[in-house]
Amino acid sequence: MKFSIYSEIQYWGGKSYKRAYEEVIDQVVHADRLGYDCYTIIEHPFFPKFSISTNPFALFAVCAERTKQIHFRCMGHVLPYHNPTWLASQIAFMDTLFDGRYEAGLLRGHGWHPLKGGVPTLETRERYEEALDIIVQALENGRVSYQGKYFTIDDAEIYPPPQRPIRIFLGGTSDRTYVLAGEKGWGVAVPPLLPYAALKEQLDIYRETCAEHGHDPYIVWIHACYLDEDRDTALREAEAGIRGFLAGNASPLTGGARLAPKEELEAAGYGFYASGILEKLAETPYKELIEGDVVWVGTPEDVIERIEQTIEVCEGLAEISITVNPGGFAHWQAIKAQELFADRVMPHFKARAREAEEALA
């Protein structure tokens, strides 16, 4: 089992944007010292309460200079808004610069992006799959020629040449995402705020497709997490940030921004964004969020129990990724949660893994 940290870099005011980024950098450096395997951020413009993480490359370049072991993952690059050969070249460059510590999530993006990004909603699926095909060819072969609906490429060679296979991840809620990942043997990241039951069907599709194509599944489980030695203290300190996390995730839908018509969203495979799920989730009482396994708040022992329950039902679970700085959580709270999780939760599962290996020896 690997352990990582995921951040949307939500912005709730009360500090400068520069300070918000600097705090995240401090958290990455702290996570590296504590032994986390990876730090993940997203690529997401236009909606600050959801994210101000618009240039993962730049942020990670700063972090790489100050860390030793931790990997960096963009979850992910939103392909309908990128030139794929340019992006493939940048990914290869970052992987070279970081000595193999870069991992690429390649996503279609949220249903609220098309109108802001200038891409027709109904084109996003085709653009995504065409760009994905080009990027994968470029990273696997070091060059690519392509004749498609949106891109015609004449023998583009990637410099610096990709030095090694770059780990690729997909994520989202559509069945097609999990089929693609299973066919290629890529990892998948389960979106935060969803209990296992919400994506069981898609994860079953992923596992079945992996088996058909001879791949081992790699599932990343993302959950907002806050810990304290005392349960009541954890519950009290986390409430405002957890509520903010849910409000931030729903903010592009509740803040007055226009989306494509419902019929168009559904036709484009973006029906989730017209379903009202995020808006309803943001109104869920705090106690129900915890009891319903939407977030993890409590003592280290409480979180260990929740992770063990997830492992029991989710075959192929390979990585737990906690979100510690969402919704206006203070910097000290993020540092505290990272440290308690590393000191008390991670060793429990590493010891269990050693016991399992010894039993098989």
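The values are calculated or read from the model by the stated rules, or taken from the named source; none is laboratory data. On a predicted model such as this, the values are computed, not experimentally measured, just so you know. Here the Cβ positions follow ideal geometry from the backbone for every residue, glycine too, while neighbour counts run over all protein chains shown. Quick note on the areas: whole protein, heavy atoms, side chains included, nothing else; ligands and nucleic acids left out. Shrake-Rupley method; radii C 1.70, N 1.55, O 1.52, S 1.80 Å.
Within the group ALA224, ALA247, ALA238, ALA257, which residue is assigned to a loop (DSSP other than H, G, I, E, B), in contact (Cβ under 8 Å) with a residue 40 or more places away in the chain, hydrophobic (A, V, I, L, M, F, W, C) and open to solvent by less than 60 Å² (accessible area, probe 1.4 Å)? Write out each step before concluding.
Numbers: ALA224 fails: assigned to a loop (DSSP other than H, G, I, E, B); ALA247 fails: assigned to a loop (DSSP other than H, G, I, E, B); ALA238 fails: assigned to a loop (DSSP other than H, G, I, E, B).
So the residue among ALA224, ALA247, ALA238, ALA257 that is assigned to a loop (DSSP other than H, G, I, E, B), in contact (Cβ under 8 Å) with a residue 40 or more places away in the chain, hydrophobic (A, V, I, L, M, F, W, C) and open to solvent by less than 60 Å² (accessible area, probe 1.4 Å) is ALA257.
All conditions but one from (1) under 23 Å from VAL313 (Cα atoms); (2) in contact with a Phe, Trp or Tyr (Cβ under 7 Å, 6 or more places away or on another chain); (3) crowded, with 21+ Cβ neighbours inside 10 Å apply to ILE205; the one that does not is (3). With the structure loaded, tell me whether VAL303 is modelled with pLDDT of 95 or more, over 19 Å from the mean Cα position of the chain (by Cα) and not in a helix (DSSP H, G or I) or whether it fails that test. Answer is no for this residue.
Which of the residues spanning the stretch 260-281 are of a type in the set (A, V, I, L, M, F, W, C) and either closer than 30 Å to HIS331 by Cα or not in a helix (DSSP H, G or I) (or both)?
Narrowing the stretch 260-281 to residues of a type in the set (A, V, I, L, M, F, W, C): 260, 265, 267-268, 272, 274, 277-278, 281.
Listed by number, the residues that qualify are ALA260, ALA268, ILE277, LEU278, LEU281.
Residues being out of contact with any helix residue (DSSP H, G or I) (no Cβ under 8 Å at 6 or more places or on another chain) and surrounded by fewer than 15 Cβ atoms within 10 Å (Cβ to Cβ) are represented in the stretch 264-275 by at least one member. Taken over the stretch 1-43, the criterion of being among the acidic types (Asp, Glu) and more than 17 Å from the chain's Cα centre (by Cα) is satisfied by GLU22, GLU23, ASP26, ASP32.
Taken together, the residues in the stretch 302-342 that are open to solvent by 50 Å² or more (accessible area, probe 1.4 Å), closer than 20 Å to ARG231 by Cβ and touching a helix residue (DSSP H, G or I) at 6+ places or on another chain (Cβ under 8 Å) amount to 1. For ALA197, the requirement of being open to solvent by 20 Å² or more (accessible area, probe 1.4 Å) and modelled with pLDDT under 95 is met.
crowded, with 17+ Cβ neighbours inside 10 Å, at negative phi and either part of a loop (DSSP other than H, G, I, E, B) or in contact with a Cys (Cβ under 8 Å, 6 or more places away or on another chain) (or both): does that describe PRO80? Steps first, please.
Working: crowded, with 17+ Cβ neighbours inside 10 Å: yes; at negative phi: yes; either part of a loop (DSSP other than H, G, I, E, B) or in contact with a Cys (Cβ under 8 Å, 6 or more places away or on another chain) (or both): no.
No: the conditions fail for PRO80.
I need the full set of residues from the stretch 45-61 which are surrounded by 15 or more Cβ atoms within 10 Å (Cβ to Cβ) and either over 21 Å from GLY328 (Cβ atoms) or of a type in the set (S, T, N, Q) (or both), in order please. Before the answer, list the steps.
As a first pass, look at the stretch 45-61 and keep what is surrounded by 15 or more Cβ atoms within 10 Å (Cβ to Cβ): 45-53, 56-57, 59-60.
SER51, SER53, PRO56, PHE57, PHE60 - these are the residues of the stretch 45-61 that are surrounded by 15 or more Cβ atoms within 10 Å (Cβ to Cβ) and either over 21 Å from GLY328 (Cβ atoms) or of a type in the set (S, T, N, Q) (or both).
Going through (1) in contact (Cβ under 8 Å) with a residue 40 or more places away in the chain; (2) crowded, with 23+ Cβ neighbours inside 10 Å one by one, ILE41 falls short only on (1). When restricted to residues that are touching a Lys or Arg at 6+ places or on another chain (Cβ under 8 Å), assigned to a strand (DSSP E or B) and open to solvent by less than 70 Å² (accessible area, probe 1.4 Å), the stretch 156-188 contains 4.
Conditions tested, residue by residue: (1) part of a strand (DSSP E or B); (2) open to solvent by 60 Å² or more (accessible area, probe 1.4 Å); (3) over 30 Å from ALA156 (Cα atoms).
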| site | (1), (2), (3) |
| --- | --- |
| PHE3 | yes, no, yes |
| TYR11 | no, no, yes |
| TYR36 | no, no, yes |
| PHE72 | yes, no, no |
| THR85 | no, no, no |
| MET94 | no, no, no |
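Scanning the stretch 134-155 for residues that are open to solvent by 60 Å² or more (accessible area, probe 1.4 Å) and assigned to a helix (DSSP H, G or I) yields a total of 2.
Sort through GLU279, GLU288 and tell me the only one that's acidic (Asp, Glu), out of contact with any strand residue (DSSP E or B) (no Cβ under 6 Å at 6 or more places or on another chain) and within 30 Å of LYS15 (Cβ to Cβ). Outline the logic, then answer.
Working: GLU288 fails: within 30 Å of LYS15 (Cβ to Cβ).
Within the list GLU279, GLU288, the selection yields GLU279.
Which residues, counting only those in the stretch 96-127, are in a helix (DSSP H, G or I), open to solvent by less than 10 Å² (accessible area, probe 1.4 Å) and of a type in the set (Ser, Thr, Tyr)? Walk me through how you get there before you give the answer.
Going through the stretch 96-127, the residues in a helix (DSSP H, G or I) turn out to be 96-97, 114-117, 121-127.
Next, only the ones that are open to solvent by less than 10 Å² (accessible area, probe 1.4 Å) stay: 114, 121, 124.
THR121, THR124 - these are the residues of the stretch 96-127 that are in a helix (DSSP H, G or I), open to solvent by less than 10 Å² (accessible area, probe 1.4 Å) and of a type in the set (Ser, Thr, Tyr).
Would you be able to say whether some residue in the stretch 20-38 is under 24 Å from TYR128 (Cβ atoms) and touching a strand residue (DSSP E or B) at 6+ places or on another chain (Cβ under 6 Å)?
Of all residues in the stretch 20-38, those under 24 Å from TYR128 (Cβ atoms) come to 38.
Checking which are touching a strand residue (DSSP E or B) at 6+ places or on another chain (Cβ under 6 Å) leaves us with 38.
Yes, the stretch 20-38 contains a residue that is under 24 Å from TYR128 (Cβ atoms) and touching a strand residue (DSSP E or B) at 6+ places or on another chain (Cβ under 6 Å).
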